[in-house]
1. Name the residue that is least open to solvent (accessible area, probe 1.4 Å), counting only residues in segment 17-32 that are of a type in the set (S, T, N, Q) and not in a helix (DSSP H, G or I).
2. In this structure, does ARG35 turn out to be under 10 Å from the mean Cα position of the chain (by Cα) and in a helix (DSSP H, G or I)?
3. Considering ALA108, ALA85, ALA101, ALA138, which residue is within 21 Å of ALA33 (Cβ to Cβ) and aliphatic (A, V, I, L, M)?
Amino acid sequence: MIKRIALGAALAFASTTAFAADLPQKPYLTLEAARGIAAAAEAKARAEGWPAVIAITDDAGLPLLLLRMDQAMVPAGVELAPGKARTAALFRRPTGVLEDAINGNRPAVITARGFTPMRGGLPITVGGQVVGGIGVSADTPQHDEAIAQAGLAAAPK
């Protein structure tokens, strides 16, 4: 009886291990990497004199990091930057694409509740897979995008 239980347990473990080995692996954004991305974005904002709020999320749009620089211009940036990062991560595209759609031939995009379709959010990709998003709220859409791009330049490849 004990041998049967041991054999059953061994077979169950082996099949579980084999199944787990067959699961695909996916990259993810670490806190250390998020800090590096935020630091590069902050350095760009500081060098240009554009105080900003910078947010980093994981691939599910959940917050990893929020950085509010001294003298950030728009108090609402504390809400906007994380919303932009979340939107970029979940839509898997720059938030400027959504803003363009609203202003162009797809105004219905505005009905997607809970998202922030404003320039300044970019997906963070590693090996072609989205692992997170960066969102920036400074003073102009162009500055937001430039700061976010500087952050992406520091992302793992």
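1. Top of the filtered list is THR30.
2. no
3. Within the list ALA108, ALA85, ALA101, ALA138, the selection yields ALA85.
The values are calculated or read from the model by the stated rules, or taken from the named source; none is laboratory data. Small disclaimer: the values here were computed from a predicted structure and weren't measured. Methodologically, a virtual Cβ is constructed for each residue, glycine included, from the backbone with ideal geometry; neighbour enumeration extends over all protein chains shown. Quick note on the areas: whole protein, heavy atoms, side chains included, nothing else; ligands and nucleic acids left out. Shrake-Rupley method; radii C 1.70, N 1.55, O 1.52, S 1.80 Å.
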